[in-house]
Each structure stands twice: as structure tokens, then as C-alpha cells.
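In what follows, a single structure is set out as C-alpha cells and then discussed.
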Amino acid sequence: MKRIYAIEAWCLGCKRCEIACKTQHSATRDTVKALTQEQPSPTSRVQVEGDRFLSLAVNCRHCAQPKCVKGCISGAMQKDPASGLVTSDPAKCVGCRTCVSMCPFGCVQVVSVEGRDIALKCDLCTEDGCIPGEPACVAACPNGALVYWESEE
């Protein structure tokens, strides 16, 4: 399965990947409207950690043996056996945050949607469509610090 990998040495900390992700998962798919007008504001599924000297984009690794899936008490976190994609079903999520504590990479976050807490994570832009061949964050990275490569895992 293809996965997103971050190349720390190339990351500028510009957060264009975060903005692209928010736009991709917004109702309007318009960057200005997504960031200034939409309520609730869309949430980025990739987070840039670090500072201006050293930074890294952190997103779901779609693990071969995902601990978030193993720990999910409601069955909301699932791994597709055919594609290897790890997803979160908001309709099943109870907002318990077990997946957050189980993820060794800190890639799952809980957000409030319509008064309910739900787990949110990278979906590789599969649910919403994307630029053919790569997720929005990878396409937006100006320095090539995010790459979409086939994994042997």
C-alpha cells in the first residue's frame, strides 16, 4: 500500500500541507472560504510539529498492525484488509479517545462535530477525492518533504 512519508530534512515548517488538508476536507473546497468562513472550521488531518529550525509533518502511518484499531471500543477505527487503509467511522465513534492514547505517532485527534466528539485522522484523501495519484498534503508541499510511496509493510 502507498503511504505518506515525511522527510524531516526537507520540511520548511510552512504548513501548506495543513492548509491543503483543511481545504480538501472543507465543504467549499475553496481555501479562503474554508479558512475564514466555514463553521465549523475544517480540521487538518496532518499536523506540522517543530519550529523554524526543525519541523516535521505528522500524519497517520496506516500501520500494518494499527494499535488504534485494536484499542477502539466501538469499532469505529477499522483497517481495510484489501487496501490497508485505516479509517475512522464518525457514526460509530463514541469519542472515548482510546485511539488517541494508543497511536504511537500521535496521529489521531478528537474534534467536536455537531456537539459530538469524534476521532479524526488522515484518510489519504480517499473519501473526498483528490489530485489523481496523491493526497492533497503531498501535492501542496513546496519542498517535496512529503512523499507518497509504496510501502513494503
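Listed here are the residues, each with its yes/no results for (1) in contact (Cβ under 8 Å) with a residue 24 or more places away in the chain; (2) under 30 Å from residue 10 (Cα atoms).
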| residue | (1), (2) |
| --- | --- |
| 50 | yes, yes |
| 76 | yes, no |
| 80 | no, no |
| 89 | no, no |
| 92 | no, no |
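Scanning segment 136-153 for residues that are assigned to a loop (DSSP other than H, G, I, E, B) and hydroxyl-bearing (Ser, Thr, Tyr) yields a single hit, 151. Answer yes or no: is there a residue in segment 17-25 that is among the small types (Gly, Ala, Ser), closer than 13 Å to residue 124 by Cα, assigned to a helix (DSSP H, G or I) and assigned by TED's automatic domain parsing to the domain that holds residue 149. Yes, segment 17-25 contains at least one residue that is among the small types (Gly, Ala, Ser), closer than 13 Å to residue 124 by Cα, assigned to a helix (DSSP H, G or I) and assigned by TED's automatic domain parsing to the domain that holds residue 149.
Listed conditions (1) under 16 Å from the mean Cα position of the chain (by Cα); (2) surrounded by 17 or more Cβ atoms within 10 Å (Cβ to Cβ); (3) among the small types (Gly, Ala, Ser) are all met by residue 34, apart from (1). Check every one of the strands (runs of 3 or more DSSP E) wholly within segment 40-112 and list those with 1 or more residues that are among the polar types (S, T, N, Q) and outside the structural domain of residue 135 (by TED's automatic domain parsing). Output list reads 77-79, 86-88.
Restricting attention to segment 65-84 and to residues that are over 20 Å from residue 3 (Cβ atoms) and of a type outside the set (Val, Ile, Thr), the residue that is surrounded by the most Cβ atoms within 10 Å (Cβ to Cβ) turns out to be 72.
Just to be sure before I move on: is residue 41 among the hydroxyl-bearing types (Ser, Thr, Tyr), buried (at least 18 other Cβ atoms within 10 Å of the Cβ) and at negative phi in the structure I sent? For residue 41, the condition - among the hydroxyl-bearing types (Ser, Thr, Tyr), buried (at least 18 other Cβ atoms within 10 Å of the Cβ) and at negative phi - is not met. Just checking, does segment 66-76 include any residue being among the hydroxyl-bearing types (Ser, Thr, Tyr) and farther than 19 Å from residue 97 by Cα? Taking every residue of segment 66-76 in turn, none turns out to be among the hydroxyl-bearing types (Ser, Thr, Tyr) and farther than 19 Å from residue 97 by Cα.
The values are calculated or read from the model by the stated rules, or taken from the named source; none is laboratory data. All values reported here derive from a predicted model rather than from experimental measurement. Using ideal geometry, Cβ is built from the backbone for each residue, glycine included, and neighbour counts are taken over all protein chains shown.
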